[in-house]
Amino acid sequence: MKFAFPMLLAALAFVLAVPSHLPAGEAASKNIILSTTTSTQDSGLLDVLVPLFEKKSGYRVKTVSVGTGQALELAAKGEADVALVHAPSLEIKYLTVGKLLNRRLVLYNDFIILGPANDPARIKSTKSSVNSSIEAMKRIAASTSRFVSRGDNSGTHNLEKSLWKSAGIQPKGEWYIESGQGMGATLGIANDRSAYTISDRATYLAFRKRVTLAVLLEGDKPLLNIYSVMEVNPANGPRINTIGGKAFADFMVAPETQAVIKSFGVEKFSQPLFIPVAGMREEQVGE
């Protein structure tokens, strides 16, 4: 009998820990794993949107913030329920093989090329040229000016690789530095080394008081940065919360959420950090 009371207390604690209105096993289904990019986290956007979703839906969201490549891999392995990412060409590959489903555009901003204010590679003067971002990469490589890459297969890294490819350059040498880290850390490294780098605008604005790098190139069409939300194929794993993942995806493209996105950043930065594009086709973005 001396063991009965502790066992009774343990059983009572378990019962109290599970909400009485939920059937057995349903508590776990109220948890959602979101695999997303460091930029959505570093910019502060998810700090606003996730609590709104949780309050509205009753779900609890665990955010895994990594590079887009890794975020997509997690979803493909069944280790996430929904993905919010920004590497269109990479996303299409996962859609084609059926690992991810129902890709919908959510928002966009743009990438910018940053560097030291004295601009040793003279990339600022390429602004008036056609394909100015590609010309800028050529000048950085030709001058062997330091360039810090994320090197992590993120959306930003994939954009960078596409620019090098278009420029006909395979970057290598002491001037080319791979951080292997997120956007915020990469900005810090580039700043410390007076180097060029590519950043999404939202993360740069969130970190601009910590860095002295100048915005040297912006507005070129290849620098568009489009974010999509995708649901995870339930065949990817046994624990995927398909209903919860779809609920979050639907929330991201809902008119009320798009209105929040449209105003996000205006008060702090006097400009929105993202532009909502739910319902648009990719070719319409930035027109």
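The values are calculated or read from the model by the stated rules, or taken from the named source; none is laboratory data. These numbers were taken from a predicted model, which means no experiment stands behind them. Ideal geometry is used to build each Cβ from the backbone, glycine not excepted, and the neighbour counts take in all protein chains shown. For the accessible areas, the whole protein counts, side chains as well, though only heavy atoms, and no ligand, DNA or RNA atoms are used. Shrake-Rupley method; radii C 1.70, N 1.55, O 1.52, S 1.80 Å.
So the values come out like this:
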| quantity | calculated |
| --- | --- |
| All positions within the stretch 94-131 that are open to solvent by 20 Å² or more (accessible area, probe 1.4 Å), touching a helix residue (DSSP H, G or I) at 6+ places or on another chain (Cβ under 8 Å) and aliphatic (A, V, I, L, M) | L101 |
| Failed condition for S154, given (1) touching a residue at least 24 places away in the same chain (Cβ under 8 Å); (2) of a type in the set (S, T, N, Q); (3) open to solvent by 10 Å² or more (accessible area, probe 1.4 Å) | (3) |
| Filter pass, L224 being hydrophobic (A, V, I, L, M, F, W, C), in contact (Cβ under 8 Å) with a residue 24 or more places away in the chain and buried (at least 19 other Cβ atoms within 10 Å of the Cβ) | no |
| Residue match in the stretch 159-178 (condition: crowded, with 20+ Cβ neighbours inside 10 Å, more than 17 Å from Q41 (Cα to Cα), within 18 Å of the chain's Cα centre (by Cα) and modelled with pLDDT under 95) | yes |
| Contacts under 7 angstrom Cβ, first residue in the stretch 75-104 being in a loop (DSSP other than H, G, I, E, B) and of a type in the set (G, A, S), partner open to solvent by 40 Å² or more (accessible area, probe 1.4 Å) and at pLDDT below 95, 6 or more apart | G78/R239 |
| Qualifying position, being among the aromatic types (F, W, Y) and touching an Asp or Glu at 6+ places or on another chain (Cβ under 8 Å), among F264, F248 | F248 |
| Subset of the stretch 264-278 [open to solvent by 70 Å² or more (accessible area, probe 1.4 Å) and of a type outside the set (V, I, T)] | E267, K268, S270 |
| Matching residues, the stretch 119-174, being in a helix (DSSP H, G or I), β-branched (V, I, T) and more than 14 Å from E218 (Cα to Cα) | I140, T156 |
| Listing of helices (runs of 4 or more DSSP H) fully contained in the stretch 183-269 that carry 2 or more residues being under 20 Å from the mean Cα position of the chain (by Cα) and polar (S, T, N, Q) | 255-263 |
